[in-house]
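Engineer: Have a look at the structure that comes next, please.
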Amino acid sequence: MSFDRKLPEALENMLRFQPPVVLGSFLLSLACLPAIALATFYFLNYDSRNVQPKGCRKLGLHTQSNLADEHDKRYHAAAQKQTNSTVKANATVKSLWIYPIKSCQGIELEQGSIISTGMEYDRLFCFAQLKSPFPVSLDTPEAEKANHKWEFITQRRFASMALIKTELWVPDPASPTYSSELLEVRSGGVVVIRYPSITRTGFVGMLSNLWVAIGGRGPEKVVQLPLDPTVEQTKSNGYIIEEMKIWKDIPKCLNMGTTIAPNSKLFLEELQVLIGCTNPLALFRITSEHPRKVYRCAPRKETLGWQPQVTFGDAYPLHIMNLASVRDLGTKIKGGPPSLTVRRFRPNIVFTGFEAYEEDAWKRIRIGNYEYHVSCRTVRCLLPNVDPTTGEKHPSEPNRTLKSFRCIDEGDIKNACLGMQMVAARPESEIRVGDAIEVLETGEHYYIRQ
């Protein structure tokens, strides 16, 4: 057979088998479409996850949480009366936390510094709403603005604030991108705020839901702000000093953006929708020039050599909790949260090795190499009813069960107590997970209300 005759036959055979090949290719492409779409969705949202401010390192654990085993039975055992001295010998710090933005998600640490206001970087920022009898804008006369007051907000009213994540990036000379001239370095670092994107519709919304269903993280919005703004940053971003009410204090703070200012309008408007706040919203930063001094049950300047201060914490610089006490409370709750986590109570220091509620009588303790004054018990509000993971608020627990047996302080007999408030004996000290705890003095407490 000649070559000329073989060629048409080869073409005929190829054409005869092409339709199945084309169909197969089409079906294969169709099957791959969801994977391609999900991959596209992932990479479109990659930048929001891959935030790495220049010249900085990220604070926090890079391994499993030290509270991963908080529900282990060995912590329940400490809830019973113990006389074995080895229990006290094993009393240690289990977990350390800071909350850079008040009432938002915290950052777990392996070690940290303690300064006159408590844990370094703790509650430096606070969201506030503008309480007013009528709308306000940038053009509103100053005389009318005087009737408007910024007031702090928390999960007590806006439970979804629990979904707002925070990251802290601090200058690190070991970073390959480090330079003392970088704005990120000159401003002491960067605070990164992450929050869930508003629910999308259509094809993008379907991809988002599918990604979450197979275990992916939902889409987030990301905002970066200077940790301690320079003079140039303050001026260029329009930050201003304003009064903001937090409990009975009205400190002057740095307003770093409001929904009535163009440079931060979109970010804060989205957060308004997320948490359900209808009033104008702002983010404030505490300033060292306007400290909130602590008195009430705290030691005085005559004792310490300096008067304790707080940033945007409710009352005292440090909050310490006994894991055994939380585990004991969890056994008493009926029909409440199935697994009561100590994170609901937002402590700075979580410890183990003591019997439940033994901390109630502490007056002075040593953690590692440093002493602390235990000022008073922590009187609990409704905030622990909020699930720190989902932002959902339980209608009654654990507050109802707490009130059934923990209204123990004569200073406030209507509210339950759990945890203790502390002040460091020195304005500068260090603390780390695993530090030993020694009780130096015990006695009576009487809570002084705000």
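The values are calculated or read from the model by the stated rules, or taken from the named source; none is laboratory data. Source: prediction; values computed, not measured. Backbone-built Cβ (ideal geometry, glycine too); neighbour counts: all protein chains shown. Note: areas computed on protein heavy atoms with side chains; ligands, DNA, RNA excluded. Shrake-Rupley method; radii C 1.70, N 1.55, O 1.52, S 1.80 Å.
Engineer: Using the per-residue mean of other Cβ atoms lying within 10 Å as a proxy for protection, in what order, highest first, do the peptides 166-179, 319-332, 350-363 fall? Before the final figure, lay out each step's value.
Structural biologist: Working: 166-179: 15.8, 319-332: 22.6, 350-363: 20.4.
Output ranking for 166-179, 319-332, 350-363: 319-332, 350-363, 166-179.
Engineer: What are the residues whose amide H is under 5 Å from the amide H of Tyr357, where those residues sit 5 or more places off or on another chain and H is modelled from the backbone?
Structural biologist: Counting only residues 5 or more places away or on other chains, the set is Ser325.
Engineer: Considering only the other residues whose Cβ falls under 15 Å of the Cβ of Gly443, what net charge follows from Lys and Arg at +1 and Asp and Glu at -1? Before the final figure, lay out the partial values.
Structural biologist: On the way: positive: Lys363, Arg364, Arg377; negative: Glu358, Glu359, Asp360, Asp409, Glu410, Glu441, Glu444.
Around Gly443, the surrounding residues sum to -4.
Engineer: Can you list the HN-Hα couplings for region 245-253, worked out from phi with the Karplus curve (6.51, -1.76, 1.60; θ = phi - 60°), rounded to whole Hz and with x for Gly and Pro?
Structural biologist: 7, 10, 6, 8, 8, 10, x, 8, 10
Engineer: Continuing with this model, one more query. How would you order 380-387, 398-405 from highest to lowest mean count of nearby Cβ atoms within 10 Å? Please report the intermediate quantities before stating the final value.
Structural biologist: On the way: 380-387: 19.6, 398-405: 17.0.
By packing density, highest mean first, the sequence is 380-387, 398-405.
Engineer: To continue, here is another question. Amide H neighbours of Asn90 under 5 Å, at least 5 residues apart or on other chains, H built in the peptide plane: list them.
Structural biologist: HN-HN under 5 Å from Asn90: empty list.
Engineer: Accessible area per residue of region 305-448 at 1.4 Å probe, in Å²? Before the final figure, lay out each step's value.
Structural biologist: Numbers: 5460 Å² over 144 residues.
Dividing the accessible area of region 305-448 by its residue count gives 38 Å².
Engineer: Please list, in order along region 172-185, the HN-Hα scalar couplings obtained from phi with the Karplus expression 6.51 cos²θ - 1.76 cosθ + 1.60 (θ = phi - 60°), rounded to whole Hz, x for Gly and Pro.
Structural biologist: Once rounded to whole Hz, the list reads 9, x, 7, 5, x, 9, 5, 7, 5, 8, 5, 4, 4, 7.
Engineer: Which net charge results for the neighbourhood of Asn415, defined as the other residues with beta-carbon distances under 15 angstrom from its beta-carbon, given Lys and Arg at +1 and Asp and Glu at -1? Spell out each step's value before the answer.
Structural biologist: Numbers: positive: Arg156, Arg377, Arg380, Arg400, Lys403, Arg406, Lys414, Arg449; negative: Asp314, Asp360, Asp409, Glu410, Asp412.
Spelling it out: positives minus negatives among the neighbours equals +3.
Engineer: Using amide H atoms built 1.01 Å from N in the peptide plane, name the residues 5+ places from Gly189, or on other chains, whose amide H lies under 5 Å from its own.
Structural biologist: Distant-sequence amide H within range of Gly189: Leu227, Asp228.
Engineer: How big is the shadow of the Cα convex hull of region 329-450, averaged over all directions, in nm²?
Structural biologist: On the way: hull surface 33.9 nm².
The orientation-averaged projected area of the Cα hull of region 329-450 comes to 8.5 nm².
Engineer: May I ask you to evaluate 6.51 cos²θ - 1.76 cosθ + 1.60, the Karplus curve with θ = phi - 60°, for each residue of region 280-288 and list the ³J(HN,Hα) values in order in whole Hz, giving x for glycine and proline?
Structural biologist: x, 10, 9, 10, 10, 10, 5, 10, 5
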